[in-house]
Amino acid sequence: MNKDVLKAIIALKQEEIPFDAIPRDVILPLSRKEIITIPGVRRCGKTTAMELAVNELVASGVAKERILWIGFDDERLARMGVDELDDILAAYMGMYPDIPLKDVYMFFDELPLVNGWELFVMRVFKSYCRHVFVCGSNAHVLSREMKSELRGWPYEVELWPLSFREFCRFKDVDADSPLERERAKVRASFGEHLKYGGMPGVVTESLASDKFKKLQGYFDTMLLRDFIEHWSISNPPVLRYFLKRVMAGLASPVSVNAIYNDIKSQGFKATKNDLYDWLDKACGIYLFVRVPKFSRSVAKEQQALAKYYVVDNGLRTALLVAQTDDAGKQLENAVFLHLHRNKGGDCRICFWQGRGECDFVVCRDDETIRLVQVTWSLEDAATRRREVSGLLEAADALGCGDLTIVTYDEEATIDESGHAINVIPAWKFLLRKTAM
């Protein structure tokens, strides 16, 4: 590999520091002695997360010269082989012979485009530098594959589309202002966030048509790169239809068997095992998150039909024909994403289904620490009875006293059957930095 090209790439990136990037709430750890990897759905801002880490390093006194950044999506590196990766270190040392590699912070963006990259990263980490950051497209950096390839060394920092608080920051809306005019902006922003989601590149678009065009492009890229090419799936039309069916069934348990029968009746060819496999892969690339039915039996929990929430409301809006119940489903999806991103590694989320239903059961080990119900409004008496009774049934069965009903814009406290239920507008709920 031409070392002058590598030197130019390193130098040009250093000139860009500090990067022009809006801060995110997720911050990469800078002092862990582990390989930092950043899994997440496509286009959620993984490269920007590394840029923000560089900004933080430089602000803390680290010289720009100690930043080694290589983006492997550069066409000049398109034919680079694993045997040439060592030239990166040689080029850097040629530029800065007095800086030991152990003092360098190495950022490799899209490195997994190079076959065999993991051996290079392991050698660099073990022999030269303990500050190594790697991110890439999902087709090459799936969370479970990464753990296998790096043999347990990586520390993962999952990244998601923008939270509502981050969305407000991107829209220059003061989410914490007590002023009524700012509160009105927050409410308006929530409606937009609910419909178009939080993909950073979509949030900055002003026209709805441009937002939809980008979101549809993201989905098409996922199909091509993350499914068809990566796993050699040869049935794209059925795959697309299946994934959209799962999206359409948001907030309800998904019956793969029912979808299979539908596909079969239309003359499409796919086995039931194909559908189960595709659904598992869709979770692997962060398109969906699986939420099981609560059970104290692991076997029963695995056997029961699960719900699948989509990583971004905007994707669902852009891909499906609007239905009358979409607003409620989008609201439930937004609440789930907030709970999921804040739940912590020792917690899990399930749903309760008995005589009634509770949308989200948050558990830590064997303890249920929170119950959350989601409904657009409690004004209808029948809806209120259904939502409250399902929540109370779960509370009594699981011994939980932290009860919340999230609505679109209603706020109250309901005292019933010895329980205090907090009713809160979704925009307020999503602005909380919920620690669980």
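Of note:
- Restricting attention to the stretch 9-53, the residues being closer than 23 Å to Arg165 by Cβ and in contact (Cβ under 8 Å) with a residue 40 or more places away in the chain number 23.
- Residue among Leu315, Leu305 that is touching a Gly at 6+ places or on another chain (Cβ under 7 Å) and either part of a loop (DSSP other than H, G, I, E, B) or not aromatic (Phe, Trp, Tyr) (or both): Leu315
- Of the residues contained in the stretch 156-168, none is found to be at pLDDT 90 or above, touching a Ser or Thr at 6+ places or on another chain (Cβ under 7 Å), buried (at least 22 other Cβ atoms within 10 Å of the Cβ) and in the same structural domain as Leu111 (by TED's automatic domain parsing).
- The stretch 394-422 residues that are within 17 Å of Cys358 (Cβ to Cβ), paired with ones that are among the β-branched types (Val, Ile, Thr) and part of a helix (DSSP H, G or I) (beta carbon under 6 Å, 6 or more apart): Val406/Val335
- Breaking point among (1) touching a strand residue (DSSP E or B) at 6+ places or on another chain (Cβ under 7 Å); (2) of a type outside the set (Ser, Thr, Tyr); (3) part of a loop (DSSP other than H, G, I, E, B), for Phe107: (3)
- The set of residues in the stretch 336-369 that are in contact with a helix residue (DSSP H, G or I) (Cβ under 8 Å, 6 or more places away or on another chain) and over 25 Å from Ile27 (Cα atoms) comprises Cys350, Trp352, Gly354, Arg355, Gly356, Glu357, Cys358, Asp359, Phe360, Val361, Thr368.
- Helices (runs of 4 or more DSSP H) contained in the stretch 179-290 and holding at least 3 residues among the acidic types (Asp, Glu): 180-196, 272-284
- The one condition from (1) under 13 Å from Leu250 (Cα atoms); (2) surrounded by 14 or more Cβ atoms within 10 Å (Cβ to Cβ); (3) touching a helix residue (DSSP H, G or I) at 6+ places or on another chain (Cβ under 9 Å) that Gln323 does not meet is (2).
- Only one entry in Cys129, Cys44 is among the hydrophobic types (A, V, I, L, M, F, W, C), in contact with a Lys or Arg (Cβ under 7 Å, 6 or more places away or on another chain) and in a loop (DSSP other than H, G, I, E, B), namely Cys129.
- When Glu56 is tested against (1) among the acidic types (Asp, Glu); (2) loosely packed, with under 13 Cβ neighbours inside 10 Å; (3) out of contact with any Gly (no Cβ under 9 Å at 6 or more places or on another chain); (4) in a helix (DSSP H, G or I), only condition (2) is not met.
- Given (1) acidic (Asp, Glu); (2) buried (at least 20 other Cβ atoms within 10 Å of the Cβ); (3) under 19 Å from Val157 (Cα atoms), number of the condition Glu332 does not satisfy: (3)
- Residues in the stretch 175-219 that are among the hydrophobic types (A, V, I, L, M, F, W, C) and either surrounded by 14 or more Cβ atoms within 10 Å (Cβ to Cβ) or in the same structural domain as Tyr286 (by TED's automatic domain parsing) (or both): Ala175, Val186, Phe190, Leu194, Met199, Val202, Val203, Leu207, Ala208, Phe212, Leu215, Phe219.
- The residue pairs whose first member lies in the stretch 252-266 and is within 19 Å of Val291 (Cβ to Cβ), whose second member is β-branched (Val, Ile, Thr) and surrounded by 15 or more Cβ atoms within 10 Å (Cβ to Cβ), and whose beta carbons are closer than 7 Å, counting only pairs six or more residues apart or on different chains, are Val254/Val246.
- Of residues in the stretch 399-430 being part of a strand (DSSP E or B) and farther than 18 Å from Glu379 by Cα, the one nearest to the chain's Cα centre (by Cα): Leu403
- Matching residues in the stretch 235-247 - criterion: being surrounded by fewer than 19 Cβ atoms within 10 Å (Cβ to Cβ) and at pLDDT 95 or above: Val238, Arg240, Tyr241, Lys244, Arg245
The values are calculated or read from the model by the stated rules, or taken from the named source; none is laboratory data. Just so it is clear, the model here is predicted, and its values are computed rather than measured. Heads up, the Cβs are rebuilt from the backbone with ideal geometry, glycines too, and the neighbour counts pull from every protein chain shown.
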